[in-house]
Amino acid sequence: MPALRSLALPIAVAASMLALNACSERPTNFPDRDGVIAAQAEWCAALAKLQRAGASWEHLNACKAAYPTSSPTYLRAMTSCFSRRMEAAAESSPDRSQIILECNDEVAVKLNPDEPTAAPVIESRCARMARCERVPVPACKSAFSKLEAAQRAMFTTIYNAAGRYEIIDCLENASCTDNEEAGRQACYKPTSDALLWFPD
C-alpha cells in the first residue's frame, strides 16, 4: 500500500509514538481541506512528470487519494523545489532523500511561523511543559519565540489543520515521561511521517 513519507525534522524524534488516552471523536473536515487536496494534486502531477508518465502514471490515482499532513503552502513550495532539483540532477542518479532534506531547508525559511494557526500548537507545547516539567508558560513561550523562524515553522505551520489537530491532541493527552524532550517529539512523529506521499 502506498505510504506517506516523512521529512526529517531538525530535532531528534523519538522512535515510537506515545500511547494516547481515549479522546472525543475527531473532526473529519477542516477549513484548509480543499487547499490540501488541490496542493496534493499538484504534487502528484509533478511526480508523474518526473516519471515521464503524465496522466498515465500507474500511481496517479493512489497519489491523489492520499491526504498528507502538510499545509497547502508548504506542499506547493516542496513540489516546486523537489521537481526543480530532481530534474536538475536527473543525469546523476539523484538521492531523493537528500533532495527532500535540501528542499525542506529551502522551504522552511520562507514560511511564516507566526501565522495565527501556529498559536494553538505553541499553547499546547507550553501547557505540556508546564504540566510535565514545571516550566512556566511565559518562559516556554519566550524560549520558543527565540528559535529561528524555520525551526518555529517546523513545529507549527508546515502542518495542515488535521496534522496540527493530531499533534495538539497528543501534547495535551499523552502521559508525561521520564524524557520529556523525546515525549514531545513523539507527538510529532506520526504527523511528520505523513508530510509527503511517495509510492512504495
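Any read-out appearing in this document is the output of simple, stated calculations on the displayed coordinates, not a laboratory observation. These figures come from a predicted structure and were not determined experimentally. A quick note on method: Cβ atoms are made from the backbone with ideal geometry, for glycine too, and the neighbour counts reach across all protein chains shown.
Side notes on the structure shown:
- Nonlocal amide H pairs with TRP197, under 5 Å, H built at 1.01 Å: ARG5
- Note on the range 33-194: semi-axes of the ellipsoid equivalent to its C-alpha gyration tensor, largest first and rounded to whole Å, are 33, 16, 14.
- Backbone geometry of the range 156-164 corresponds, through the Karplus equation with coefficients 6.51, -1.76 and 1.60 at θ = phi - 60°, to 3J(HN,Hα) couplings of 9, 7, 6, 9, 7, 4, 5, x, 5 Hz, x marking Gly and Pro.
- For LEU111, no residue 5 or more places off, or on another chain, has a built amide H under 5 Å of its own.
- Considering only PRO113, ALA90, ASN160, and ranking their Cα positions along the charge dipole of the chain that arises from unit charges at the beta-carbon of Lys, Arg, Asp and Glu, the one farthest toward the positive end is PRO113.
- Extension gain for LEU101-ALA139 works out to 10.6 nm (0.36 nm per residue, less the C-alpha to C-alpha distance).
- Here the spin labels are modelled as points 7 Å beyond Cα on the Cα-Cβ line, and at VAL109 and ASN173 they lie 3.9 nm apart.
- Estimated [θ] at 222 nm from DSSP helical runs (n ≥ 4, -39500 (n - 2.57)) normalised by residues in the chain, nearest 500: -17500 deg cm²/dmol
- A Cβ-based charge dipole, computed about the Cα centre of the range 33-194 with Lys and Arg at +1 and Asp and Glu at -1, lands at about 220 debye.
- For the range 120-128, putting each phi into the Karplus relation 6.51 cos²θ - 1.76 cosθ + 1.60 with θ = phi - 60° gives couplings of x, 5, 4, 4, 5, 4, 6, 5, 5 Hz, in residue order, rounded to whole numbers and with x for Gly and Pro.
- Cα gyration tensor shape for the range 132-181, rounded if a/c is under 1.5, else prolate or oblate: oblate
- Distant-in-sequence amide contacts of SER70, defined by a placed amide H-H separation under 5 Å and a gap of 5 or more residues or a different chain, comprise ASN160.
- ³J(HN,Hα), Karplus 6.51/-1.76/1.60, whole Hz, each residue of the range 51-57, x for Gly, Pro: 8, 6, 10, x, 5, 8, 4
- Bridgeable aspartates and glutamates around LYS141 (alpha carbons under 18 Å apart, same-chain partners fewer than 8 residues away excluded): ASP114, GLU115, GLU123, GLU133, GLU172, GLU180, GLU181.
- Cross-link partners of LYS146 among lysines (Cα-Cα below 28 Å; sequence separation of 8 or more within a chain): LYS110, LYS189
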